[in-house]
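Chemist: Got a structure for you, questions after.
None of the figures in this text is laboratory data; all of them are computed from the coordinates on show. Because the structure is predicted, anything quoted here is derived from the model rather than measured. Neighbour counts are summed over all protein chains in view; Cβ atoms, including those assigned to glycine, are modelled from backbone coordinates with ideal geometry.
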Amino acid sequence: MSEDAKTVPAPETNDDSVQRHVDQQTKLYLSPKHYVAYILSGFGDTNWNSFSKRLFFFATTFLGIKPSTWGVAESVSIFIDTIDNAISGLIIDRTRTRWGRVRPYILLTLPFWFFSAFTPWILPGGMSQTALLVWFFAFNYVGSIANSFYNTSYQILLYNITPNVGERNRLIATDAYADLTGVWLPSLFPIFVDLLKVPTRYVYMGGAFFFIACVLIFRTYGFFALKERMPLASRDEMKQMGLIETLKTVGTCRPMWVLLVKNFFAVGKSTGTMVEDFFWLNCMGKLSVGTVAGLFTGLPSYFVLPLAPKLTRKFGLRNLAAGSYMFCGACYFIMWLVGYKPFGEDHFILNVVWIVIALTFCGSLNSIQRYCSTALNGDLYDYVEWKSGVRNEATITAATEYFKVLSNIAAKLISAAAIGAIHYVPLFNANGINIPQTDPGMLAGIWTVFALAPAIGRFMKGVTLLFFNVHGKTRDTMMYELAKIRASKVIDSGSSEQ
């Protein structure tokens, strides 16, 4: 929304009606069952998203797909997928069913997601590059359609299951804690790769099947256990606003564009993650070294996350988020300058200790960033409702997801280009077990992508957030006037709860 845009006038309501609505916003709606249902729904996806980043390594190593073929498949699918990303939010915002506005899409998208997630891991080796291109394009396209609707629905479900902002923030913090485990569990996977003396491909397939099953079970449970409660604009109000006005409202919203650009710079960390298996296997000698590192690097997040509310009150949500990203970016940059073997080739243990310490600092504020990002989205949705009188979370989230997709595609293209540029060739022993490369040029290239890309991405995220203007007095005024706007909707609907 442009800075000179006018706020929708607060409806004329008496003090009693406003107070009743304020009381409604402070009422507790979520039982332990609801916390568990929401957290588990996201827990399965967090596990899967973390594990599925290994698909690039799996495809290039075991299916024989060339990095250039991978890049073409990703690029074509994202180009064609532009249409469904553009309309998914508009459709969700206008959906009204007995199950709610967003919950139906959590279940309806599962079959399409399953096809996209499951099939790549069972393709046979020895396929032609043309066949692989067609198959990977199909997976990407079907998966992106499912994700366009699911990711948007799941993200805004958080802001609709309770009108109590304090309760929402507690759920955000609890969910962020669970996400730490969702990242940690897939990090144990390399232990099985190194310990199980079977062809490496089958170990990867087993891991994929396990995490896919978790997603199917947890999403289904979340659909049946959760309920939407936020007061919404009626169908008539949505019609009065119109498609053009909706797009104009969303398209000129400064806070939204700040978060979109911030999300795009996730390309840095995603690129580094894409080459993690390449780094641990080839630069450090074993994939399981990454698991050992993961046991320590995630520990600070468990201790700093409880400080998030206090730090938010002290520094403000925007400033806390920006500072945390800049700090982590600086840590990645220092790690890259020092290198991954500062003690020389003959001091393996010392080099591992250094990498563990460096990555611990790099990821020490990850949970703070997760908390801040989710809370900033809530401020953005409230801002648009304040300016327009209508909650357009799905349209906004669809735009956000589109930029995330662009970021992910950019990360895949950069990773593919880097691995192709260093002419990486996987090595196997007689038993079909993947063994490290030793070419210095290949190793240096992998290290640069692994460390420097996240440094740039994290720092740019922090800089971008300095332009987010929903904070301080502006935010306080917004929340007061929103209470009146929402009170009128509750009164008009003839119900104090939806």
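Chemist: Using the beta-carbon distance between Val36 and Ala421 and R0 = 45 Å, what value does 1/(1 + (r/R0)^6) give for FRET efficiency, to the nearest 0.05?
Modeler: For Val36 and Ala421, the calculated efficiency is 0.45.
Chemist: Shape verdict for segment 285-398, please, from the Cα gyration tensor: rounded (a/c under 1.5), prolate (a/b greater than b/c) or oblate.
Modeler: In terms of gyration-tensor shape, prolate.
Chemist: Expressed as a whole number of Å, what is the distance separating the alpha-carbon centroids of segment 193-220 and segment 115-166?
Modeler: Using only Cα atoms to place each centre, the spacing works out to 17 Å.
Chemist: Turning to a different aspect of this structure: Using alpha-carbon positions, what is the distance between the centroids of segment 425-488 and segment 364-394, in Å?
Modeler: Here the two parts' Cα centres lie 18 Å apart.
Chemist: If packing is taken as the mean number of other Cβ atoms within 10 Å per residue, what is the order of 267-276, 67-76, highest first?
Modeler: Going from most to least packed, we get 267-276, 67-76.
Chemist: Still on this structure, I have one more. Listed highest first by mean packing, meaning other Cβ atoms within 10 Å per residue, what order do 298-309, 191-202, 132-143 come in?
Modeler: My ranking of the peptides, most packed first, is 132-143, 298-309, 191-202.
Chemist: Quick check: from the Cα gyration tensor, does segment 79-207 come out rounded (a/c under 1.5), prolate or oblate?
Modeler: oblate
Chemist: Between Lys310 and Arg96, what is the label-to-label distance in nm when each label sits 7 Å out along the Cα-to-Cβ direction?
Modeler: If labels sit at Lys310 and Arg96, their model points lie 4.7 nm apart.
Chemist: Which pairs, out of Lys66/Lys341; Lys314/Lys473; Lys53/Lys286; Lys269/Lys412; Lys314/Lys404, put more than 20 Å between their alpha-carbon atoms?
Modeler: From the list (Lys66/Lys341; Lys314/Lys473; Lys53/Lys286; Lys269/Lys412; Lys314/Lys404), the Cα-Cα distance tops 20 Å for Lys66/Lys341; Lys314/Lys404.
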